[in-house]
Amino acid sequence: MRILVVEDEAKVASFIRRALEEESYAVDVAPDGSQGLDLASEGLYDLIILDLMLPGLPGLDILKSLRKEKITTPVLILTARSKVDQKVDGLDAGADDYLAKPFAIEELLARVRALLRRGSGEAAGLLQVDDLVLNPATREVTRGGQRIELTIKEYALLEYLMRNAGRVLTRPMISEHVWNLDFDTFTNVIDVYVNYLRNKIDRGHKRKLIHTVRGSGYVLKAES
């Protein structure tokens, strides 16, 4: 899943980015309000982590602008402003959650997982297609009860496929959600990683789950 962090404090932004990337998320960082609004307005993100005190354009104005443009991406406000009325202003403007600085990274990650579940309509916390099961909280993947070990990027790709099970995902769509802005779309790395997944997910199983849609991309679904 792809996350935008709009945060002007370089150390805080780097800390958040590193923690999110270790959890298999693709992360882009905007250091000011204007760039944050430009990136967020593209509607390519699954979640936005937004500081309120930003140079160029306040976070609350960014949030109001996004909601006015009908961009419904979940937004987690992250700020040192923790008074009740300020929280109310943020939530009333369209924020989905609010976390005050300083914060524990474990709580931030838990809130991120909760917002992503809510945005995908995932209620039980587990993703399942046929006998393939992925637990976003533990990052454990099993098929037929057998645990499958994945690299960080393999896991990120599989999670995106499973959250969109039955939907054909094009290579540009995959690159936007699994890799970040500096990804070279002219390489064959997506096809390489799909093959890595096939070797781990489908090899040895009669029912194949990862399918190529010629001329379009890939889809993860159970064969009838």
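The values are calculated or read from the model by the stated rules, or taken from the named source; none is laboratory data. Quick caveat: nothing in here was measured; it's all calculated off a predicted structure. We place every Cβ from the backbone using ideal geometry, glycine too, and count neighbours over all the protein chains shown.
One residue is enough: does region 1-21 have a residue meeting the conditions of a type in the set (F, W, Y) and outside any helix (DSSP H, G or I)?
Taking region 1-21 first, the residues of a type in the set (F, W, Y) are 15.
Now restrict to residues that are outside any helix (DSSP H, G or I): none.
The answer is no; no qualifying residue exists.
When you go through (1) within 18 Å of V112 (Cβ to Cβ); (2) hydrophobic (A, V, I, L, M, F, W, C); (3) crowded, with 18+ Cβ neighbours inside 10 Å one by one for L60, which number turns out not to apply?
Looking at each condition in turn, L60 falls short on (1).
Rundown of residues vs (1) surrounded by 18 or more Cβ atoms within 10 Å (Cβ to Cβ); (2) under 17 Å from T72 (Cβ atoms), yes/no style:
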residue	(1), (2)
G90	yes, yes
A95	yes, yes
K101	no, no
A104	no, no
N135	no, no
Q146	no, no
L150	yes, no
Y155	yes, no
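Taking the condition of being small (G, A, S), farther than 25 Å from Y160 by Cβ and part of a loop (DSSP other than H, G, I, E, B), how many residues in region 34-65 meet it?
1
List the residue pairs whose Cβ atoms are under 8 Å apart, where the first residue sits in region 37-58 and is under 18 Å from L91 (Cβ atoms) and touching a residue at least 24 places away in the same chain (Cβ under 8 Å), the second is of a type in the set (S, T, N, Q) and part of a strand (DSSP E or B), and the two are 6 or more positions apart or on different chains.
Once the first residue is under 18 Å from L91 (Cβ atoms) and touching a residue at least 24 places away in the same chain (Cβ under 8 Å) and sits in region 37-58, its partners that are of a type in the set (S, T, N, Q) and part of a strand (DSSP E or B) give D51/T79; L52/T79; M53/T79.
From the list L76, L37, L116, which residue is closer than 19 Å to P136 by Cα, at pLDDT 95 or above and touching a helix residue (DSSP H, G or I) at 6+ places or on another chain (Cβ under 9 Å)? So that I can check it myself, show each step before the final result.
On the way: L37 fails: closer than 19 Å to P136 by Cα; L116 fails: at pLDDT 95 or above.
Of L76, L37, L116, the one residue that is closer than 19 Å to P136 by Cα, at pLDDT 95 or above and touching a helix residue (DSSP H, G or I) at 6+ places or on another chain (Cβ under 9 Å) is L76.
Could you list, in sequence order, all residues of region 16-45 that are closer than 20 Å to E106 by Cβ and surrounded by 15 or more Cβ atoms within 10 Å (Cβ to Cβ)?
I16, R17, A19, L20, E21, E23, S24, Y25, V27
Looking at region 164-190, I want the residues that are among the aromatic types (F, W, Y) and have a partner that is at pLDDT below 75 and part of a loop (DSSP other than H, G, I, E, B) with Cβ atoms under 8 Å, at least 6 apart or on another chain. Which pairs are those?
From residues that are among the aromatic types (F, W, Y), there are no pairs.
Pairs, please: C-beta under 7 Å, at least 6 apart or cross-chain, first residue within 20 Å of L39 (Cα to Cα) and in region 69-93, second at pLDDT below 85 and buried (at least 17 other Cβ atoms within 10 Å of the Cβ)?
I77/G90
Residue-by-condition table, conditions (1) over 28 Å from L4 (Cα atoms); (2) part of a helix (DSSP H, G or I); (3) out of contact with any Lys or Arg (no Cβ under 9 Å at 6 or more places or on another chain):
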position: R147; (1), (2), (3): yes, no, yes
position: Y160; (1), (2), (3): no, yes, no
position: P172; (1), (2), (3): no, yes, yes
position: D191; (1), (2), (3): no, yes, no
position: V194; (1), (2), (3): no, yes, yes
position: R198; (1), (2), (3): yes, yes, no
position: K206; (1), (2), (3): yes, no, yes
position: Y218; (1), (2), (3): no, no, no
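If G166 passes every condition in (1) modelled with pLDDT under 90; (2) more than 24 Å from A40 (Cα to Cα) but one, which one does it miss?
Unmet for G166, out of (1) modelled with pLDDT under 90; (2) more than 24 Å from A40 (Cα to Cα): (1).
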